[in-house]
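Enquirer: Take this structure first; my questions come after.
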Amino acid sequence: MGTDENWIKVREASARMGEGRFLARGDRGVAVLGYVAAKDTFDKDIFVGSRIKVENETFKVVGIMEEIGGIGGANEDKSVYLSLEDSEPYAGGFGVDNYYAIEVRVEPERTDEIAEKIKEKLMITRHVTEEDIDFTVYTPKMITSTVLNIIGTVNL
């Protein structure tokens, strides 16, 4: 997962460092591992200071996350976090200038307002209208509603 030093700040409610540190501005050649990635992915025990290989590149492990768990945390626990620049060769078309996701932390009472502003700005930047919109803005309330609908369907 390509990201920057701000990801851990945005996710502070659910993501914490178990050992070491998260990525810092300007980091290159280093990695932070999700809990499962550190414990179950490699043939040897991984610690802060270990070196891992991602395809043909070697990265020094500077941090290991605490376990996040659950549906929303499953991918994070299995992730290898690299700087945006280091991750670009593995990003499948996404990278420094082409994002898969952008996460924003706002005051809870302003969530809907900020989500709408983000949507408006992205529509302008991407030159799209409501009819041909090519992205989605999710809020925690929307995700909760979707999960409750799925649970209701399963119960039914």
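The values are calculated or read from the model by the stated rules, or taken from the named source; none is laboratory data. Given the structure is predicted, the values throughout are model-derived calculations rather than measurements. Cβ placement follows ideal geometry from the backbone for every residue including glycine, while neighbour counts extend to all protein chains displayed. Accessible surface is based on the protein model in full, side chains and every heavy atom, while ligands, DNA and RNA are left aside. Shrake-Rupley method; radii C 1.70, N 1.55, O 1.52, S 1.80 Å.
Enquirer: With a 1.4 Å probe and all protein chains kept in place, how do 45, 4, 86 rank by accessible area, largest first? Before the final figure, lay out each step's value.
Expert: Numbers: 45 120, 4 60, 86 20 Å².
So, going from the largest accessible area down, we get 45, 4, 86.
Enquirer: Continuing with the same structure: Rounded to whole Å, give me the distance from the Cα center of the stretch 5-83 to that of the stretch 122-156.
Expert: Cα centres, the stretch 5-83 to the stretch 122-156: 28 Å.
Enquirer: Might you work out the accessible area of residue 90 for me, using a 1.4 Å probe with all protein chains in place, and round it to the nearest 10 Å²?
Expert: 70
Enquirer: Ignoring GluC sites (Glu not before Pro) that are buried or in helix or strand per DSSP, and keeping those with at most 12 other beta carbon atoms within 10 Å, what is the longest stretch of the chain between them?
Expert: On the way: sites that count: 12, 55, 103.
Between exposed loop sites, the widest span is 104-156.
Enquirer: Determine the calculated [θ] at 222 nm for the chain from helices alone, applying -39500 (n - 2.57) to every DSSP H run no shorter than 4 residues and normalising by the residue count; nearest 500 deg cm²/dmol. Write down the numbers at each step before the final one.
Expert: Numbers: 6 runs with 54 residues, N = 156.
Per the formula, -10000 deg cm²/dmol.
Enquirer: While we're on this one: Which residues make up the longest stretch of the chain clear of trypsin sites (Lys or Arg not before Pro) that lie in a DSSP loop with no more than 10 other Cβ atoms within 10 Å, not counting the sites? Mind showing how you got there, number by number?
Expert: Numbers: sites that count: 25, 28, 44.
Excluding the exposed sites themselves, the longest stretch runs over 45-156.
Enquirer: Could you pull the accessible area for residue 33 with a 1.4 Å probe, rounded to 10 Å²?
Expert: Approximately 0 Å² of residue 33 is accessible to the 1.4 Å probe.
Enquirer: Mind listing the Cα extents of the chain along all three principal axes, in Å, largest one first?
Expert: Projected onto its principal axes, the Cα set of the chain covers 48, 41, 28 Å.
Enquirer: In the structure displayed, which of 60/117; 60/121; 9/53; 60/119; 9/39 lie more than 32 Å apart, Cα to Cα?
Expert: Violating the 32 Å Cα-Cα cut-off are 60/117; 60/121; 60/119.
Enquirer: May I pose another question? Could you please put 111, 139, 153 in sequence from largest to smallest accessible area, using a 1.4 Å probe? Don't skip to the answer; put the middle values down first.
Expert: On the way: 111 30, 139 5, 153 100 Å².
Largest accessible area first, the list is 153, 111, 139.
Enquirer: Run the accessible area of the chain with a 1.4 Å probe and give the carbon-and-sulfur part as a rounded percent.
Expert: Answer for the chain: carbon and sulfur cover 52 percent of the accessible area.
Enquirer: Determine ³J(HN,Hα), in whole Hz, for all residues of the stretch 5-12 in sequence, where each value follows from phi through the Karplus function 6.51 cos²θ - 1.76 cosθ + 1.60 and θ = phi - 60°; x replaces Gly and Pro.
Expert: Each residue of the stretch 5-12 in turn: 5, 7, 4, 5, 6, 5, 9, 4 Hz.
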